[in-house]
């Protein structure tokens, strides 16, 4: 049996932009994606800590080193610049591997710099 487990999390990212005129997704600084192992077009869940909104979308790489977190398309209706969000990625893990399983969690500062 497999269980759906948290694979990676970017915790308390600060939204830097909301762009309604884009076809969709969430742009994330490629450096932050690398820290968590998240990849372009990966399905993610986003929880907006500021307003309580939750939604699913996919990742696209933002400019490396920019600390960008940009809500695009319909997701731009779920928050505004300055909101704090948590970005989740999930995977399936075999039951026998769960006891040794650890997700990759990156906590960000107010400036979207990694604290952990």
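Read-outs throughout are calculated quantities, based only on the coordinates presented, and are distinct from any laboratory measurement. Predicted model, so just to flag it, every value in this text is computed and none were measured. Don't worry about glycine lacking a Cβ; one is built from the backbone with ideal geometry, like all the others, and counts go over all protein chains shown.
Return the residues of the range 1-56 that are under 10 Å from residue 85 (Cα atoms), touching a helix residue (DSSP H, G or I) at 6+ places or on another chain (Cβ under 9 Å) and in a loop (DSSP other than H, G, I, E, B); say none if nothing qualifies.
51, 53
Can you name the residue in the range 92-104 that is touching a strand residue (DSSP E or B) at 6+ places or on another chain (Cβ under 8 Å) and loosely packed, with under 14 Cβ neighbours inside 10 Å and, of all such residues, is nearest to residue 44 (Cα to Cα)?
The initial filter retains those residues of the range 92-104 that are touching a strand residue (DSSP E or B) at 6+ places or on another chain (Cβ under 8 Å), namely 92-95, 98, 101, 103-104.
Restricting the remaining residues to those that are loosely packed, with under 14 Cβ neighbours inside 10 Å gives 92, 94-95, 98, 101.
On the way: 92: 14, 94: 21, 95: 22, 98: 21, 101: 19 Å.
Top of the filtered list is 92.
I need a count of the residues in the range 57-80 that are assigned to a strand (DSSP E or B) and either surrounded by fewer than 16 Cβ atoms within 10 Å (Cβ to Cβ) or touching a residue at least 60 places away in the same chain (Cβ under 8 Å) (or both). Step through it out loud before you land on a result.
Of all residues in the range 57-80, those assigned to a strand (DSSP E or B) come to 57-62, 69-72.
Narrowing the set further to residues that are either surrounded by fewer than 16 Cβ atoms within 10 Å (Cβ to Cβ) or touching a residue at least 60 places away in the same chain (Cβ under 8 Å) (or both) leaves 58.
So the answer is 1.
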